[in-house]
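Right, one structure below, let's go through it.
The values are calculated or read from the model by the stated rules, or taken from the named source; none is laboratory data. Remember, predicted model here, so these are calculated numbers, not experimental data. Here the Cβ positions follow ideal geometry from the backbone for every residue, glycine too, while neighbour counts run over all protein chains shown.
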Amino acid sequence: MATTLQDVPIRTIDGSDTTLKAYDGSVLLVVNVASKCGLTKQYDGLEALYRKYRDQGLVVLGFPANDFRGQEPGSDAEIADFCKTTYDVDFPLFSKISVLGPDKHPLYAALTEAQPKAVNGESMRKMLAGHGIEAAPEPEIGWNFEKFVVGRDGEVVGRFGPDTTPDDPALVAAIERELVASE
């Protein structure tokens, strides 16, 4: 098992093996994404964040996951094509993983251990419960599009619930704080 978040092996959506060390010195926004979710439109906002802040050191990292009601059924190639043609996604995407339960990818095990509670995490769980959907309790990921902010030093500094939009002032402030604090 990897000793740090940066050491966890991950695979890009085109099949190349890497780790978060490839992004050393960057502020990361790690998001579990899905193509057939009510929140899929957040791709637009994630791409806008990436374009606005990438020259200052922000990298958005999208990790497709099919853990929530089969909302990411496609192959890596299909996901990559969907993201590019539908949302013009230019930020890095990774091979589909599990972010929940016994098959949880080590990256998500490390992220949830480092930041067990999401800002605004309960609102999505309550909304899902209102529709008869039981979400896993924290520290587990609640749904697609949960967001983790990782500072340039590799420390997880924030976690935001799925219904926290990419332009949410609290999320943007957390990103901007990290971009400035570690220049």
Quiz item: Of 159, 177, which residue is more than 19 Å from residue 40 (Cα to Cα) and at pLDDT 95 or above?
Solution: 177
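When the residues of the stretch 139-182 are filtered to those that are assigned to a loop (DSSP other than H, G, I, E, B) and out of contact with any helix residue (DSSP H, G or I) (no Cβ under 8 Å at 6 or more places or on another chain), which remaining residue is nearest to residue 21 (Cα to Cα)?
Within the stretch 139-182, the match that is nearest to residue 21 (Cα to Cα) is 153.
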Quiz item: Taking the condition at pLDDT 95 or above, surrounded by 22 or more Cβ atoms within 10 Å (Cβ to Cβ) and either touching a Leu at 6+ places or on another chain (Cβ under 7 Å) or more than 19 Å from residue 165 (Cβ to Cβ) (or both), does residue 55 pass?
Solution: no
Quiz item: Does residue 167 satisfy the condition of being over 20 Å from residue 29 (Cα atoms), exposed (fewer than 15 other Cβ atoms within 10 Å of the Cβ) and acidic (Asp, Glu)?
Solution: no
Quiz item: What are the residues in the stretch 146-156 that are buried (at least 21 other Cβ atoms within 10 Å of the Cβ) and within 18 Å of residue 53 (Cβ to Cβ), if any?
Solution: 147, 148, 149, 150
Quiz item: Using beta carbons and a limit of 8 Å, which pairs, at least six apart or on different chains, have the first residue in the stretch 70-95 and closer than 21 Å to residue 26 by Cβ and in contact (Cβ under 8 Å) with a residue 60 or more places away in the chain and the second one of a type in the set (Ser, Thr, Tyr) and not in a helix (DSSP H, G or I)?
Solution: 92/12; 93/12; 94/12; 95/12
Exercise. Just give me the residues in the stretch 80-110 being part of a helix (DSSP H, G or I) and within 25 Å of residue 7 (Cα to Cα), in sequence order.
Key: 80, 101, 102, 103, 106, 107, 108, 109, 110
Practice problem: With the condition kept exactly as written, say whether any residue in the stretch 130-140 is surrounded by fewer than 21 Cβ atoms within 10 Å (Cβ to Cβ) and under 18 Å from residue 60 (Cα atoms). | Solution: no
